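All remarks here apply to the structure that follows.
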Amino acid sequence: METSLARDLMSDEEWAFFERFLFTVRAPNGRKPSNHRLVLDGIFWIARTGAPWRDLPEEFGKWSSVYRQFRRWTLAGLWEQIMDVLNASGAVSDVLQMIGSTVARAHHQAAGAKRGTPRHGFGRSRGGFTTKNHLLVNAAGLPMRTEVTPGQTSDYIGFDLVMADNLPQPKILLADRGYDADSIRNSMAARGVRPVIPMRKCRKKRVGVDRSLYRLRNLVERCFNKLKNARRVATRYDKTAESFLGFVDITSIRLWLRHLST
C-alpha cells in the first residue's frame, strides 16, 4: 500500500506550483484551509486508480472532506485557471497544434445526474453510455483544452468547443478527415491558420496534404494514451461533466509539470 500511495504524492516542486493557485480559492464559510497538499494527493490517488471516493485510504484524510474540496475547486474553475496559465506561459511552442477525439465508456453508476444525461456529456450506444473527449494538443504533445460531449456527437461540434479564442492561435493545425468540412477550413483561413486535413473520399475538389507534417498528428493519439493512464479518465465514473472534466484537467496539468521538469 505504501508503494502505491507514494506514486501519487507530489514532489516539493510540484506542490510549490499548485500552492500559489489553491489558496486563491477560499472556503465560503471562512474556515481555515485544511491540509491542501494532502487533499490534493488524495485527489491524485482517485484519478490514477479510478477507485470510488469511499475507498480513499485513510492516510489522505476523510473521504467526504477530500471529495467536497475537489468539488469546490472544480466548480470554482481552478483547474481551468491553471491550464490557462500553462497555455499562456510560452514554455512550449504552440505554432503547430493538433486536434482529435476519443470515446470513453461510462460506468452504469455514472448515470442519473440532475437535469438529464445529455447536458453532462452522456450519449447512448448499444453498449451503454459513452462520452466523447475532444482534445487540442500543442507541438510537445501536451493537452491545451478538453471538452466533453455525448459519445455520438460530430467532431465538427467538438472543433468549435476546443478552438477557444483565449488560447494561443496556431499557424498550422493537424486533424484527421473527420474534421474535413468547409466550415472548419473557412474558420481556419479567417484566423490565418493552415489546416492540414485529409479530404473525405466523397470530395470532388481535392486539396493536397503535406504527409510529412501530417505524420506528427500521432502526438494527439499519444496524448490520449497518457491521459488514459489515469483510470478515472479512461472510464467515466462521474455523474457530472464538471467532475469528469476536472479529472481530465488535473491529469493534463500533471503531464505539463512532468514535461517542464525534464
Inspect the stretch 193-216 for any residue being of a type in the set (S, T, N, Q) and assigned to a helix (DSSP H, G or I) and give the result as yes or no. yes
Of the residues that make up the stretch 108-115, is at least one more than 30 Å from ARG177 (Cβ to Cβ), in a helix (DSSP H, G or I) and at pLDDT 85 or above? no
Quick check on the stretch 143-161. Is at least one of its residues in a loop (DSSP other than H, G, I, E, B), in contact with a Leu (Cβ under 9 Å, 6 or more places away or on another chain), open to solvent by less than 20 Å² (accessible area, probe 1.4 Å) and modelled with pLDDT of 90 or more? no
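Does the stretch 74-92 hold any residues that are in a helix (DSSP H, G or I) and either modelled with pLDDT under 90 or over 18 Å from ALA47 (Cα atoms) (or both), and which are they?
If the condition is that a residue be in a helix (DSSP H, G or I) and either modelled with pLDDT under 90 or over 18 Å from ALA47 (Cα atoms) (or both), then GLN81, ASP84, VAL85, LEU86, ASN87, ALA88 are the ones that fit.
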Give the stretch 93-107 a look and list any residue that's part of a strand (DSSP E or B) and modelled with pLDDT of 90 or more, or say none. LEU96, GLN97, MET98, ILE99, GLY100, SER101, THR102
Which condition number in (1) open to solvent by 30 Å² or more (accessible area, probe 1.4 Å); (2) under 25 Å from VAL92 (Cα atoms); (3) touching a helix residue (DSSP H, G or I) at 6+ places or on another chain (Cβ under 9 Å) is the one that VAL233 fails? (1)
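The values are calculated or read from the model by the stated rules, or taken from the named source; none is laboratory data. It should be emphasised that the depicted structure is a prediction, and the values quoted were computed from it without experimental measurement. Note that we place each Cβ from the backbone using ideal geometry, even for glycine, and neighbour counts take in every protein chain shown. Heads up: the accessible areas ignore ligands, DNA and RNA and are worked out on the full protein's heavy atoms, side chains in. Shrake-Rupley method; radii C 1.70, N 1.55, O 1.52, S 1.80 Å.
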